[in-house]
Amino acid sequence: MDKFFDALGDILKSLLAGDSSSSRSSRGGAYADPDMRAAWEELNEYLEEDELPAGDRDSSGSRYRDPFLDRQREPLRQDYANLEVPFAAPFAEVRRSYKLLMQRYHPDRNADDAEKLRVANEIAKKINASYRRIRDFEEAHTKGSA
C-alpha cells in the first residue's frame, strides 16, 4: 500500500509542479507558492518518519489513514484469512479457494467418523459464512461504484 501512496504522491507532485504541457508551467507551477511548497515538504517529512505513534500503524506495521475504517475492515480481513487468500484478493481467487476448501472439509467426506463430522461441520460453517460476507461486500462495492 505504501508503494501506491508513493506513486500517488509522485503524480500529485508532478501535477502541482506543472510540466511542459501544463498551463501552470508558465506560472512556475504550484510550487511557486511558498505556502504550498512548505505544506508539501511537511507532508513528505511526516510520511518519511520512521517513528509513528502506535495509533498511526495497523497490526502489520503499515501506515493507514483512518482508524475507524481499519476497525471496520478487520472482520473482513479475517474472512479472507479463513479462506486462505490474501486480504482484498480478486473475487475469482476467493471463489477458487472457497471451492477447494469446501472439497477438503465438506461434512459428507467425513461422515464415517462422528468427531471428524463435527469438526468438518464447524469448519464448513466458518468457510461458508466468510465466503458470503466477502461475496456480499463485493456485490455492494461493485454496485456502489457502478
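Using alpha-carbon positions, what is the distance between the centroids of segment 80-97 and segment 104-146, in Å? Taking the Cα centre of segment 104-146 as reference, the centre of segment 80-97 is 12 Å away. Annotation: Cα Rg of segment 76-146 relative to the compact-globule expectation 2.2 N^0.38 Å equals 1.23.
Bear in mind these aren't lab numbers, they're just calculated from the coordinates by the rules spelled out. Predicted model, so just to flag it, every value in this text is computed and none were measured.
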